[in-house]
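Read the structure below first, then the notes.
The values are calculated or read from the model by the stated rules, or taken from the named source; none is laboratory data. Keep in mind the model is a prediction, meaning the values are calculated, not measured. For neighbour counting, all protein chains shown are included, and Cβ atoms are generated from backbone atoms with ideal geometry for every residue, glycine included. We work out accessible area using only protein heavy atoms, side chains counted, and drop any ligands, DNA or RNA first. Shrake-Rupley method; radii C 1.70, N 1.55, O 1.52, S 1.80 Å.
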Amino acid sequence: MNVAVTHFNYLAVVVLMMIGLYVLFSTGNLIKRMIGLALFQTSTALFYISLGKVSGGTAAIKIYPDSPEARALAAPLDPTYVQQFGVGGVVYSNPLPHVLILTAIVVGVATLSVGLSIAVRIREAYGTVEAGEIEAVARLDTADAGRDP
Amino acid sequence: MILFEALYVAPPALTAQAPILVIAGPLIGACAAALSPGGRTAWMVSMLTAAFALWMAVAVAGEVAREDVIDYALGGFAPPMGIALRIDALGATMALLVASIGVMGALYSGHALESEVKAEKHTLFQSGYLLCLAGFLGLVFTGDAFNAFVFLEVSSIGTYALVAVGEARDRRALPAAFNYLIFGTVGATLYVLGVGFLYAATGTLNMVDMAMRLATLGDNSAVQAGLAFVVAGLGVKAAMFPLHGWLPGAYAGAPSLVSVFLAATATKAAIYLIIRFVFDVFPEGEFGEIFLSWILAPLAAAAVIICSVQAVFEKEVRRILAFSSVAQVGFILLGVSLATPAGLSAGVFYLVAHALMKGALFMAVGAFAISVRARTVEDFSGIAREAPWSAAAFGVGAASLGGVPLTMGFLAKWSLVSAALETGEIWIVAVLAIGSLLTLIYVGRMLEAMFFRAPGRGAERAREAPVGVLAPLFVLAGLSLWFGVDATLPVSMVNASVSALVGAAP
Amino acid sequence: MVDALHLVGGGLVVAGALLTLLGGVGVLRFPDVYTRIHAASLTDTGGATLVLLGLALISGLTLETLKLGLVWVFVMLTTPAAANALANAAFSAGHTPRIGAFQIMKSLAAGEARSDTQRRETSDDDKSSPP
Amino acid sequence: MSEIALQVNFGLNIALLLMLVAIGLAIARTRSLLAAILLMGMYSLASAVWLIVMDAADVAFTEAVVGAGISTVVLLGAILLVRAGPVRHNWRMTIAPAVLVLGVGGLLVYAVTGLPEFGDPASPTNAHVGRSYLIQTSDEIGVPNVVTAVLASYRGFDTLGETVVVFAAGIGVALMLGFGPRSNLPRAPAATGDHHVVLRVTAKLLIPLIALFAFYVQFHGDLGAGGGFQAGVILAVAPILHALVFGLRGTIAALPVRAVRSVATMGVLLYSGVGVVCMINGGGFLDYDYLFPPSVEAMIPPGLMGEPYHAHHWGQHFGIFFIELGVLLTVAATMVTIFYGFAGRAAEEPGAST
Amino acid sequence: MLLAAGVAGLVVAMTMMIWRAIVGPSQYDRMLAANSLGTKIVLLIAVIGYLSGRPAFLDIAIVYALINFVTTIALMKFFRYRTLSRPLGPEAKDG
């Protein structure tokens, strides 16, 4: 089959990543940069999750084998498929990427809050959050370095 | 290894758990520091914890010397299922390095913090410091690619804030910390992305398992891109040449304790992880060779030349040292890119040498900063007369950086050159020579100002730093000297490290 | 019996979805914030009631039904409260309604309110900045 | 599940991804920070539904509370403090990033072509370790939610690291914003003329419900979607809502800054303490099978906790319970600390607010 | 079948909300769109849960409903008071 169909998820994730990176690097506004960074990180999460999807699968919360619920979940799938890839008569999606991404989301919010707090302090110290203006002031600071502080 | 036998007094029950205690110790210490009532207590906690981590690191190193490789399965689950720590000689060396710098930094922080960080922030600062220490130690020990990301972030998140705290002295620390955060997070995310591709290709996160599966799999586009992203992501953290933009500002702006610690450990841990991936995980074959000789080596060479030139034209001492760090990372990676046992061991030896001397240099600058607010080379002129001991230590570090004989830096440069000559890569020798010359120029500029000029405006008010600051400074400078004369210990450890790696060399 | 319940439940879900769809059309087509808020909050609560009732019929008397009830309670509590807060915020920020008695009064008084509103509607994009 | 459910899943996947791309483009385009934040919240909402379609219920849970909730509040707090105007655009600043992004994108597309097909059950990812977890969890851990089992037990060390990252973020924000002017926090207003009755009453009703629900999510995490992290964020939402509606002053009076910070520390200590206890009892770090010394383990009658939970799983159960509790404490307290940092830093000079 | 139709209807309604958020024109429109999108997503999650045979995911829908409210309050405070720390009440300085 066509790559655009079989790998649609991955391609969409690539587009999202590009958007995130573009937002990050095309603006001088520190807050907007953080938003771009968050977008970039989230798209990585989407990538991992896409990797772990098993077609016809269900969330990796175990269902008692041979319960009506389990049978209902297996019903629309090919029995040999369930036999081969299922566990206890149910096909589950891969839990490992979910665990990893849980961690990554947490890291994302940690980075976001630390980054924003630094941006707030920058606003207090420089009176602006535009990178260009900050650089201009910082250059003056550097030039001042020779003189007495 | 006799040294380890002598130092190695940990009871067997502790030794069995030493690998995890190296990491868990600072973690628990960070909590204790955060809970402690005042800065003094927090400092003591910091000292004790760092010393404990060093003790355990020594125990691990002794164990590795006996058994070559230690595997420690966390949670009692065997590797591909659970997370495992995997420590070989290189990991043990790195842990010793990081933990020693950690102890020196903790000792140093007793006095240095007071002049640079508000008293109310001391407890949290020490807590953050210990978290960074735990993060780097975890990064060095872990055998799991994703776990490495977690520790990368543990160390980074703490570091961003610690760098930003330097605003009390210099408000440029704030944008520098923000830049660092942006670069660092992009790097970490690229790393995760790369690990994701490798995971997609192999289905495992454990590095050993991954390497085994990659060896049978060969490389496809996902694997190649995965490795590229991993190295690019770590390259940001390691300040590999085009990705080093965050470093000068961060090192220059951070409180001096943080500069010391970062310069000596942060980039080194990332380089360590790059070595780990390139030599342990990469599948053998054309791709690895092309990567080393066509991407890594030219970039490293560019770093050596360009950043040394930038350091020559820089005015502020801390920024000179920071640009020099990027250049020195280039030296290390040049050695690594040779991919021969000699080149690799030269690279690793240079790494250790650079950690010690850059630590000493930043510490000495911090020692000056306790009494005077000096920034530029001009400000420092004649400071040797007012603060002779700190200046002497600075001189030793600078001599080592410049590659003066009888210092560790000389041995490191020498072994790099001979390794390059051995492979016949003349252009690398030329780059090394030009780089060393440029290093001598900026080192000479700083030393000339400090030792041979009349005291300037800033230096007049300088006083000698207290003993608490001088002690760790002298240890680091002394090690640079001692290992320059008698390098048996580092050389034996480095050789053991390299022989552990080189079997898998591409 | 069960099938009939499922059918009725499904029908209610579809009806609820159609109601929200209708609200969506309102949000797209109505002329100003207040009418859009009106459309959205009304159809959201109504649609939620229908959909959740339908699902409750399908699931029968289980723990899930209880949760559906909880979701319903939350939606009923929060959507109107949020709509109230939103309209309140918009109004106190000086957003003038474009239709209704208020607008007629205002246009009689000022004679130019329409253009005023239009200006506000377009320039409002950067409201996050302080004046 | 019927056949149609599979088709719906397929269609939803595509529709939601397209929605995400559309929102992403809108974020890139907008010059208003507030609009970007609102769109980011919507992005999180939409991506969480997508996560459910991808069977990642636990992640959807987290994304819902973190992305749509905490991140939005923190971002709002930040733009209030920086009082930023519209983002300035400079066409020169768009070319170099565009080239860079296209380069990275090209590399990514090249890499993506080497991946196995989406949804392939036989891909290395889904066939190797991931499948082993699904098979072995019942025997080794004994909790139905495999994600919880992997998170808390198999990869418990990662989760410790994650908890420490959160803790570090709390320290970072406290170092940056915690010691600034927390001056003149406004008092609660007099009761007269209050025209936010609707919100106040609703909030009063919701706050205890939120806390209750957090504990449900916490203790239900073994059986269904949820766990310490999700519960922690939900629990933190209760004081945040209180502060938003009734004022920060009252919230800080009830939950003082230092106390909250200590709770965050306690969480990490509890987590690593479990690891240390396991070590003292002769196992490895975080090896919950050794959580109880053998003498205690021997006293437990085999059928005490029902058939699937034989004595071997006792340690695992309690280990997971305690570490999830540690995660809850750290996460909840840190989120509150972060909120305090942003909301409590009264940056505006008198009269500067609009 | 009916549930699938319900999902389709909700998705179209979501698309409309996203469109409204993208075009604006005012921030209040975006807020409205975000809030309304939240409600629709709550419903969508509930319906998906039944459609795919795992109604246990209703917990997530509950969380959504809660979070949506908190976000809206935060936004309202943003507009009305320009601070997150002030209590709700009669405006001291109405703006």
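Odds and ends about this structure:
- Filter pass, residue D:102 being crowded, with 24+ Cβ neighbours inside 10 Å, farther than 30 Å from residue D:265 by Cβ and either within 7 Å of chain B (Cβ to nearest Cβ) or not β-branched (Val, Ile, Thr) (or both): no
- Single match in A:142, A:111 (criterion: modelled with pLDDT of 85 or more and closer than 30 Å to residue D:33 by Cβ): A:111
- Of all residues making up the stretch D:46-100, the number that are over 30 Å from residue E:80 (Cβ atoms) and not in a helix (DSSP H, G or I): 5
- Residues of the stretch A:59-86 satisfying the condition of being open to solvent by 10 Å² or more (accessible area, probe 1.4 Å), under 27 Å from residue D:229 (Cβ atoms), touching a residue at least 12 places away in the same chain (Cβ under 8 Å) and at the interface with chain D (Cβ under 7 Å from one of its Cβ atoms): A:62
- Only one entry in B:113, B:124, B:131, B:85 is open to solvent by less than 20 Å² (accessible area, probe 1.4 Å) and not in a helix (DSSP H, G or I), namely B:85.
- For the stretch C:3-13, a tally of residues being touching a residue at least 24 places away in the same chain (Cβ under 8 Å) and surrounded by fewer than 24 Cβ atoms within 10 Å (Cβ to Cβ) returns 7.
- In the stretch B:301-315 there is at least one residue that is open to solvent by 10 Å² or more (accessible area, probe 1.4 Å) and not in a helix (DSSP H, G or I).
- Within this structure, residue B:323 passes the test of being surrounded by 24 or more Cβ atoms within 10 Å (Cβ to Cβ), within 14 Å of chain A (Cβ to nearest Cβ) and in contact with a Cys (Cβ under 6 Å, 6 or more places away or on another chain).
- The criterion of at least 1 residues that are under 22 Å from residue D:103 (Cα atoms) and modelled with pLDDT of 90 or more is met, among helices (runs of 4 or more DSSP H) falling completely within the stretch A:1-63, by A:8-26, A:30-52.
- Against the numbered list (1) open to solvent by 10 Å² or more (accessible area, probe 1.4 Å); (2) touching a strand residue (DSSP E or B) at 6+ places or on another chain (Cβ under 8 Å), residue D:58 comes up short only at (1).
- Residue in the stretch B:210-228 that is under 30 Å from residue B:160 (Cβ atoms), open to solvent by 10 Å² or more (accessible area, probe 1.4 Å) and facing another protein chain (nearest Cβ under 9 Å) present: yes
- Hey, residue D:117 among the acidic types (Asp, Glu), in contact with a helix residue (DSSP H, G or I) (Cβ under 7 Å, 6 or more places away or on another chain) and not in a helix (DSSP H, G or I) or not: yes
- Residues being open to solvent by less than 10 Å² (accessible area, probe 1.4 Å) and in a helix (DSSP H, G or I) - total across the stretch C:16-34: 8
- Among the residues making up the stretch D:246-294, those that are out of contact with any helix residue (DSSP H, G or I) (no Cβ under 9 Å at 6 or more places or on another chain) and more than 14 Å from chain E (Cβ to nearest Cβ) are D:256, D:258, D:294.
- You will find that of A:107, A:120, the residue that is surrounded by 24 or more Cβ atoms within 10 Å (Cβ to Cβ), within 17 Å of the chain's Cα centre (by Cα), facing chain D (nearest Cβ under 7 Å) and on the phi < 0 side of the Ramachandran plot is A:107 and no other.
- Residue list for the stretch B:11-34, filter: open to solvent by 10 Å² or more (accessible area, probe 1.4 Å), assigned to a helix (DSSP H, G or I) and either modelled with pLDDT under 90 or in contact with a Pro (Cβ under 7 Å, 6 or more places away or on another chain) (or both): B:12, B:13, B:14, B:15, B:16, B:17
- Meets criteria (closer than 19 Å to residue B:268 by Cβ and open to solvent by 10 Å² or more (accessible area, probe 1.4 Å)) for residue B:345: yes
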